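Below is one structure, written out as structure tokens, with a few remarks after it.
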Amino acid sequence: MKTVFLLFDSLNRRSLEPYGAETIKTPNFKRLAERGVTFDSHYVGSLPCMPARRDMQTGRLSFLHRSWGPLEPFDNSFPEILGENGVYSHLVTDHYHYWEDGGATYHNRYNTYEFLRGQERDPWKATVDAPWDKLRAMYHPTQFDDTPRSLYHNHIVNREHIREEKDFPSVKCFDAGLEFLDTNRDVDNWLLQIETFDPHEPFHAPQQYRKDFPTDYEGPILDWPQYQRVTEAPEECDEIRANYCAIVALCDAQLGRVLDVFDEHDMWKDTALVVTTDHGFLLGEHDWWAKLRMPVYDELANIPLFVYHPDHAARGGERRSSLTQTIDIMPTMLDLHGVTPPPEVEGRSLLTLLEDDTPIREAALYGIFGSAVNVTDGRYTYFRYPDDLETQEIFEYTVMPTRMTSFFTPEELAVAEMAEPFDFTKGARVMKIRGHDKIPMYRGLGMGFFQDVGTVLFDTVSDPGQTQPLEDAAVEERMAGLMRDLMKANDAPPEAMTRFGF
């Protein structure tokens, strides 16, 4: 078997024509849906970027036990397991978080890997004395900062080196993926993962992709929404959304390049293709931009998934409503190559769903470390928050004390305790490190970061926009029971069970 795994970042399924989009034309996602099976109830697990990748690579949820961080020594990894079973794996990516402190153990699990530079604030190009007065005039004030190592500094410098379509990191990423296919398509037993940071913010795409999305905005560059409530003027909101549309169109074009190779060389006869994302992105829905701070609404949680398998080519164009989750990617990759998942894996192979729509789970648990725990049964979504986020007792469990771009501090480690093994740590004890309001990435675990923190229930059949909370004690009790059982199945820390009232 040969497998191509395409992973986008922050791809909102409502921006794709197979999921009902009308504003953006995505002809290549339509081509893909006609070839493969489209999943309608595919949900996230842990959020955001690297926690989601840990779930996908290991087949387990991680958000109950720690925040953004690397793979742990006890984690199972599908590319590593494939390699142990004679399957070659290659990662091509422009997702620079793999090269930070909190991601540095993921790409090393592949036989080989290639990193394309320049996305977002990737510390790529070095211009010690950039023309900051000129650059300041080019950008909206909300996305300009000339302070070294700031959120916007590196991106502004990088962007000066990204002029033509061929310069864009995502285009280079797909170039490298197609080079792998050109070299290796006639041999067997490999997995290629093409992973791009797009359409993650900033929504920077070649200008030709904006032509179908005109706006009345006349100001400087505005393509990087803040992680906050919508406060912009209507024309500014339109500009941000138009730039997201443009970068989705760019993603569609890159997907089309892969599909063209499949067509040209009839790779459909012997190569599986899986296409998905890590999470969605809010573009003003619920009066929010982005992710993390607000509840995990379905615009973030219910994500696109397409699966093609040569043995199920006749199923092309079909849809599946069975509830699936990002943790199912790992056992699916193993199953595609005839490898049995380790016992710690919680995910289920998606291959059984290609034949028919028999459910593989009753409910799915998902969330962000330090915030709510959420559960869905495919119809109802239930967001459960602690009574008081600011005083909650919360710990991180790890033997790899790094976060997104930093180590845990000596002060944190000085008071760390050793915890007994969890059922997934293979007998290893782990450090138990108290969570606090200075944790990078989340800017605090309390009300200073997470907002709209009320426990709430939605019926996504009668209320797909999740705008009308449902008052139904019986349904809430059932959903809480599903949540409790899944937390137990994940061997959630004892304080987590207490924190959520179980």
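Could you pull out every one of the lysines with an alpha carbon less than 20 Å from that of Lys2, ignoring same-chain neighbours closer than 8 positions?
Cα-Cα hits under 20 Å: Lys269.
How much length is gained on full extension from Arg257 to Asp175, taking 0.36 nm per residue of separation minus their Cα-Cα distance?
28.6 nm
Given Gly465, Trp99, Pro295, which one lies farthest toward the positive end of the charge dipole of the chain, if we put +1 on the Cβ of every Lys and Arg and -1 on the Cβ of every Asp and Glu?
Going by the Cα projections, it comes out as Trp99.
I'd like to compare 297-303, 189-195: which one has the highest average count of other Cβ atoms within 10 Å, and what's the full order after that?
Output ranking for 297-303, 189-195: 297-303, 189-195.
With unit charges on the beta carbon (Lys/Arg positive, Asp/Glu negative), name the residue among Pro51, Tyr110, Leu61 whose Cα is farthest towards the positive pole of the charge dipole of the stretch 45-132.
Leu61
Kindly give Rg over Rh for the stretch 29-175, based on alpha-carbon atoms, with the Kirkwood expression for the hydrodynamic radius.
My calculation of the ratio gives 1.03.
Once you sort the root eigenvalues of the Cα gyration tensor of the stretch 209-360 as a ≥ b ≥ c, which label holds: rounded (a/c under 1.5), prolate (a/b larger than b/c) or oblate (the other case)?
oblate
For the chain, give the magnitude of the charge dipole about the Cα centre (Cβ charges: +1 Lys/Arg, -1 Asp/Glu; no others), in debye to the nearest 20.
The dipole of the chain has a size of about 580 debye.
Counting DSSP beta bridges in the chain, what percent are antiparallel, to the nearest 5?
50
Suppose R0 equals 41 Å; then what is the FRET efficiency for Leu151 and Glu420 from their Cβ-Cβ distance, rounded to the nearest 0.05?
Rounded to the nearest 0.05, the efficiency is 0.60.
Once P(r) over Cα pairs in 20 Å bins from 0, in percent is worked out from the coordinates, which option in (i) 23, 59, 18, 0; (ii) 24, 54, 21, 2; (iii) 16, 37, 27, 14, 4, 1, 0 does it equal?
(i)
For Asp485 and Glu411, calculate 0.36 nm times their separation in residues minus their Cα-Cα distance, and state this gained length in nm to one decimal.
23.1 nm
Give me the distance in nm between label points sitting 7 Å out from Cα along the Cα-to-Cβ direction at Thr231 and Gln207, one decimal.
3.2
Which is farthest toward the positive dipole end of the stretch 143-297 among Pro234, Gly177, Leu250, measuring Cα position about the Cα centre, with Cβ charges +1 (Lys, Arg) and -1 (Asp, Glu)?
Going by the charge dipole, the pick is Pro234.
Going through the stretch 153-246, which trypsin sites (Lys or Arg not before Pro) have at most 13 other Cβ atoms within 10 Å and a DSSP loop state?
Here the sparse-neighbourhood loop sites are Arg163, Lys211.
Going through the stretch 328-363, which GluC sites (Glu not before Pro) have at most 14 other Cβ atoms within 10 Å and a DSSP loop state?
For GluC sites (Glu not before Pro) across the stretch 328-363 that sit outside H, G, I, E and B with at most 14 neighbouring Cβ atoms in 10 Å, the list reads Glu362.
In whole Å, what is the distance between the alpha-carbon centres of the stretch 249-276 and the stretch 65-128?
23
If the only charges are +1 at each Lys and Arg Cβ and -1 at each Asp and Glu Cβ, what is the size of the charge dipole of the stretch 160-261 around the Cα centre, to the nearest 20 debye?
140
Suppose R0 equals 56 Å; then what is the FRET efficiency for Thr358 and Lys134 from their Cβ-Cβ distance, rounded to the nearest 0.05?
Step by step, r from the Cβ atoms, then E = 0.40.
What are the lysines whose alpha-carbon lies under 25 Å from the alpha-carbon of Lys25, with same-chain residues fewer than 8 places away excluded?
Lys166, Lys172, Lys211, Lys291
Please say if the stretch 339-473 is rounded, prolate or oblate, where rounded means a/c under 1.5 for a ≥ b ≥ c the square roots of the C-alpha gyration tensor eigenvalues, and otherwise the choice is prolate for a/b larger than b/c and oblate otherwise?
Oblate shape, in that a/c is at least 1.5 and b/c is the bigger or equal ratio.
All other residues with a Cβ under 15 Å from the Cβ of Gly256 taken together, and with Lys, Arg as +1 and Asp, Glu as -1, what is their net charge?
Local charge sum for Gly256: -4.
What percent does the relative contact order of the chain come to when contacts are Cα pairs within less than 8 Å and at least six residues apart?
Taking the mean separation of contacting Cα pairs over the length of the chain, I get 24 percent.
How would the stretch 335-390 be classified by its alpha-carbon gyration tensor: rounded, prolate or oblate, with rounded meaning a/c under 1.5 and the a/b versus b/c comparison settling the rest?
It is oblate, given that a/c is not under 1.5 and a/b is not larger than b/c.
At what distance in nm do the modelled label points of Glu318 and Ala474 sit from each other, each positioned 7 Å from its Cα along Cα→Cβ?
3.4
Quick note: the coordinates plus some simple rules give every number you see, no bench work behind them. In this text the structure is predicted, and so the values were computed from the model without any measurement. Positions of Cβ are backbone-derived with ideal geometry, glycine not excepted, and every protein chain shown enters the neighbour counts.
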